[in-house]
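The values are calculated or read from the model by the stated rules, or taken from the named source; none is laboratory data. Everything quoted here is computed from the prediction, not taken from an experiment. Note: ideal-geometry Cβ built from the backbone for every residue, glycine included; neighbour counts use all protein chains shown. Only protein heavy atoms, including side chains, enter the accessible area calculation; ligands, DNA and RNA are left aside. Shrake-Rupley method; radii C 1.70, N 1.55, O 1.52, S 1.80 Å.
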Amino acid sequence: MKFDILKPETIAGIESNGTDGVCVFPDVDAATIHDKLFVVAEGNDGTGTKAAKVFAQTFSDQMFQSTCADEPLAEDVFNEALFAAKDKMDEEYPDHDGTQYAIVYLHRHGVLAAHAGAVRIYHIRPKGRRLLYKSKDNERVLVPKALQMSEPVKAFITNVKYGDYFVVMSKKASQAISDRKLLDVICEPVNDKTKSVRLKTLADAEDAAFALSIIHISGVMNEAMDERLFENESKLMAAMLADIEAEKKKDEAEKTKEKEKQPSTPVEKPKKPEQEPEEVDYPDSQQEERPKREFPIVTVTALVLVLLAFGIWFWAQRKQNDKNSQEEMVNAKPKEKDTINILKDTRPKSVIDEDLVKEDKKKEEEKEKEKKETTNNNQEKPSEGNTAESNPDAPNNTQATPGEDKPASPSTTTPQPAATPQPAATPPPTTTPPPATTPQPKPQPKTTQQPDGTVKPKPVIPEGE
């Protein structure tokens, strides 16, 4: 079992006349988180104060030389330190009136709380506001020049948890600060410095020399061997409470005996008033009709407001859903991938109008060219079978000359079928035939005879050039 503590708070005070009869170790504002030994010693007079200081200093030095806080404490080591401190005290102050002390030591096997006299040790657990241990006053005081020394009352404590407090307090401080006040201060949710200041103000009110140390446990590391450790804290606390109750009963019995010894005077007992008839619960039919409860207006208005708010929310949600559905439909349409349309959207309107006019002109020109080509083709390809019909003035070679008897052709003898009436043919569109172009002979290149007999052609120049 190993312990971690916060910085201990140590305070002390003297009487108004300047007398100081209490010694505390470590000294005021000298304690650190590495300290594991705390001692409060108190003498009965001025000489006892000096002897108490010698006791505290000698005992702590002997403990540091003989043991270590990370190791378990042996009883022999503790007793040797006590004897060494007593011998040193008797040597320097042989006429002192006695010293009472309280020791708290955190070691490997738990916490040792030993005291002699009326100096107090408290074990407090703020969680649940519990007082786990409180030392009981006794008459085991260090007496000078005594061959034997009475052993102090030892409490072996292993029930230690995170957040617990140990308070070592001198006799006069315990008289100024009651148990209830101490619990109130220690269980407050403030830091340890504030708690020490409040306890100091309570002790200063009694105008007495005092000293106390506050040890705050900040961590406990348990080990496997902790279950077999000896502990008597709960037994000592139960015995102390039993003694307190026995003393209370004893006091009450003495008070009753004193009252019985006093002469008793007859006292008339007051007459008891006649008992009133108890109320009887009659059936509902005989009782008065209870007023009907009206439905409160506040409830109605609250319901109306809730329904109105719900309707507004539902309408807004529906509108939002419609808007989202429209956006989804627009986004679902395929986008037209047309560069012309994209250019039309990006170009200015004037440019778009000019392009449309140009396109219309091109279309009209193409239509006119097609018409001209069709007319030319019709003129160049006359029908071969209808030459006679097309030229009625041409002579007919089939007619017979006068004076010649020719056999009638079968076409003339065979009867012709009746011709069906044909609809009037629409006259063809009048078109001016293009002027006939006679093919011109190709100009032959002129030749010139060279002196060596070779002929050299001359270039032909076209007429238009």
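The phi torsions of segment 100-112, fed into the Karplus equation with coefficients 6.51, -1.76 and 1.60 and a -60° offset, translate into couplings of 10, 8, 9, 10, 10, 9, 8, 9, 5, 9, x, 10, 9 Hz, rounded to whole numbers, with Gly and Pro shown as x. Placing +1 on the Cβ of every Lys and Arg and -1 on the Cβ of every Asp and Glu, with no other charges, gives segment 1-151 a dipole of roughly 960 debye about its Cα centre. With every protein chain in place and a 1.4 angstrom probe, the accessible-area ranking of His109, His123, His216, His34, largest first, reads His34, His109, His216, His123.
Potential lengthening of the chain between Lys235 and Val28 amounts to 71.2 nm, from the contour at 0.36 nm per residue minus the alpha-carbon distance. Taking the Cα atoms of segment 1-100, the ratio Rg/Rh between the radius of gyration and the Kirkwood radius comes to 1.00. Label zone of Phe83 (point 7 Å out along Cα→Cβ, amide N under 19 Å): in segment 53-67 this covers 55-56, 58-67.
Residue separation of Met149 and Lys361 scaled by 0.36 nm, minus their Cα-Cα distance, works out to 62.7 nm of gained length. Per residue, the average separation of C-alpha pairs within less than 8 Å and at least 6 apart gives segment 104-226 a relative contact order of 28 percent.
Between Gln262 and Lys181, the simple label model (points 7 Å from Cα in the Cβ direction) yields a spacing of 3.2 nm. With 25 Å as the limit, the listed pairs Lys134/Lys195; Lys136/Lys257; Lys154/Lys255; Lys36/Lys86; Lys36/Lys127; Lys7/Lys50 have Lys136/Lys257; Lys154/Lys255; Lys7/Lys50 beyond it between alpha carbons.
Computed from the C-beta positions of Asn159 and Gln65 and an R0 of 25 Å, the FRET efficiency is 0.25 to the nearest 0.05. Once all protein chains are placed together, Leu106 keeps about 0 Å² accessible to a 1.4 angstrom probe.
All Cα-Cα distances of segment 39-192, cut into 10 Å bins from zero to the largest, leave 11, 38, 33, 16, 2 percent in each bin in turn. For the pair Lys136 and Asp322 in one chain, pulling the backbone fully straight at 0.36 nm per residue adds 58.6 nm over the alpha carbon distance.
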